[in-house]
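This report refers to the structure that appears directly beneath it.
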Amino acid sequence: MRGSSGPAKRAPRRSIVPTVEAPFRAATALRPRRRSAVALIGVVLVAGAAYVVGHRGGSAPSLERVPGGPVVHVSAFAHHGRLAFVSHGRLWLLDGSKGKLLQLSGPSGTFVPQSPTFSVDGTWLAYLEASPNGSTPSQLWLARADGSDARAVRGIADPVLVGWSPRSDLLAVAAGPERRTQPCPCFSQTTIRLVSPDGSSRVLMHGPWVYGAAWSPDGTELAVAANNRGGTLATYSIDTGARTVWLSTGPHDRLNGMPEAIVEAAGWWNRQGIGFWAFGYGSIHNNDATPLDVVAAPGARPRPLGQTLSDGTTDAVAASPRGDVALVTDHGGGRAIWQDKRVDLCTPACRPVLRTPASKVSVDPVWSPDGRTLAFAEAPNVLVGPWSQRTVAAWYAAHTIWLDDTATGTLHKVPAAHGATSLTWSPDGKSLLYVRDDALWLLPNLTGKPVEIASPLFAQRSWPQYYAQIAWSAQFAWSAQ
């Protein structure tokens, strides 16, 4: 389930505050998803949670409309855990067990929250506060999962979330000080830090240019990519800091045909090894397509899996607990998420999940908690723009959801989830949470009727998109605790 148990699939590799028709990103590793008066239905606070919904007698409202904020179906989320989501540039927490909605604290000014993620046991919530135009370094914030005790973590420069450990309350972040000198790649984080819930942190490793990190499946190590006229992929013990080099390329080596290859960690998967993207030195960040390879053991020869989008806006890779890897491969569509994309399943050999016709694409893979069922979306294959809000919204609305039972090889549709994207499974595999029409929806069971939980995710229904890529996953997290 995204943002809760298991490896932190939902935590984006880099800070994402997307803008419409954003400029090409240079190869920069890990840099990048007011109060109104409230009557008897709530309380406005000066400190702590800025807005709390509560009712006398503890009864939850059926539908809560926050002035200047979201519309939330509080009672429909009863007994479904906690939901953290960004709406109108603020972070909100919906507590399904208490029937409460509250706004979490953040810094003053123009900061925008993004990338909320719950710890594996559902006790803690981490999120970033970022400047929309990148003019001010982002800040790391921590809070208890009920929204209390929200505070900024001091002493960490311009952090980017790696994610919570899959086994403990330990958060990994890439952080500065940034290296801004030539030769490029420039403006990259230079450390990996481990942050405890009390805000204390320690440096696990230093590197010239840190390009992503990934937790080991058992949470005892981190794989880190660092680059300087070549790339190094190494693992570090959480307890001792011991370093093991898995892959190293020099200035005259070629990787996937590219000289002076730069590598970026993509994930660490059971049975497969460590996945990484490879970039040609000095190129832009391969917005069109990036080779994704996997190295099975230290010193092993990398094995290519396919070409995927790698800018972190969309979820291009999903791994099951046993190590089956689903990835959205590109077949000529370039950076456009709606053109010539296909979900492949690597077990370890790769094959298409669905034999889609040329008029269709498949995207958005996500595994059920038991690793047996892969959910994904099928949508029209758009060969020509325009990139208008109306056209992009119509494409997302046309999504059809499929479930692939990998044990039996059977496929079937989920008609009730038509128009869904950014799917998230409940821990028991019986429910789905997803985005549809700029709102979060809950499908309590796969044959039931979906209910809209919270909207909008973006203000004025103006979706920041780059070639139809939208950072939906940076807008919410779900915990069953």
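The values are calculated or read from the model by the stated rules, or taken from the named source; none is laboratory data. Everything numeric in this text was worked out from a predicted model, so none of it was measured. Here Cβ is always computed from backbone atoms with ideal geometry, including for glycine, and neighbour counts include all displayed protein chains.
Here are a few things to note about the model shown:
- Of the residues making up the range 61-84, none is buried (at least 22 other Cβ atoms within 10 Å of the Cβ), within 19 Å of the chain's Cα centre (by Cα) and over 24 Å from ARG167 (Cα atoms).
- Residues of the range 216-271 classified as aliphatic (A, V, I, L, M) and at pLDDT 95 or above, total: 12
- Close Cβ contacts (under 7 Å, 6 or more residues apart or on different chains) running from residues in the range 355-367 that are among the aromatic types (Phe, Trp, Tyr) to residues that are in a strand (DSSP E or B) and surrounded by 16 or more Cβ atoms within 10 Å (Cβ to Cβ) comprise TRP367/ALA318; TRP367/LEU374.
For every residue, the table says whether it meets (1) surrounded by fewer than 17 Cβ atoms within 10 Å (Cβ to Cβ); (2) closer than 21 Å to ILE192 by Cα; (3) hydrophobic (A, V, I, L, M, F, W, C).
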site	(1), (2), (3)
ALA223	no, yes, yes
GLY230	no, yes, no
THR244	yes, yes, no
ASP253	yes, no, no
ALA265	no, yes, yes
TRP268	no, yes, yes
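- Strands (runs of 3 or more DSSP E) fully within the range 292-340 counting 3 or more residues that are closer than 27 Å to PHE476 by Cβ: 317-319, 325-330
- Taking every residue in the range 238-255 that is under 19 Å from SER201 (Cα atoms) and pairing it with any residue that is in a loop (DSSP other than H, G, I, E, B), at least 6 positions away or on another chain, the pairs with Cβ-Cβ distances below 7 Å are ILE238/THR220.
- Some residue of the range 158-166 being farther than 23 Å from ALA223 by Cα and surrounded by 20 or more Cβ atoms within 10 Å (Cβ to Cβ): no
- Per the listing ALA152, ALA143, the residue uniquely modelled with pLDDT of 95 or more, among the aliphatic types (A, V, I, L, M), farther than 20 Å from ALA214 by Cα and surrounded by fewer than 20 Cβ atoms within 10 Å (Cβ to Cβ) is ALA152.
- Matching residues, the range 457-471, being within 16 Å of GLN114 (Cα to Cα) and either touching a helix residue (DSSP H, G or I) at 6+ places or on another chain (Cβ under 7 Å) or surrounded by fewer than 21 Cβ atoms within 10 Å (Cβ to Cβ) (or both): LEU457, ALA459, TRP463, PRO464, GLN465
- Set side by side, the residues ALA50, ALA22, ALA29 differ, and just one is touching a strand residue (DSSP E or B) at 6+ places or on another chain (Cβ under 7 Å), of a type in the set (Gly, Ala, Ser), on the phi > 0 side of the Ramachandran plot and at pLDDT below 50, which is ALA29.
- Within the range 375-453, strands (runs of 3 or more DSSP E) holding 1 or more residues that are buried (at least 19 other Cβ atoms within 10 Å of the Cβ) and touching a Pro at 6+ places or on another chain (Cβ under 9 Å): 400-405, 421-425, 432-436, 439-443
- From the options GLY212, GLY134, residue that is modelled with pLDDT under 95, assigned to a loop (DSSP other than H, G, I, E, B) and either among the small types (Gly, Ala, Ser) or surrounded by fewer than 20 Cβ atoms within 10 Å (Cβ to Cβ) (or both): GLY134
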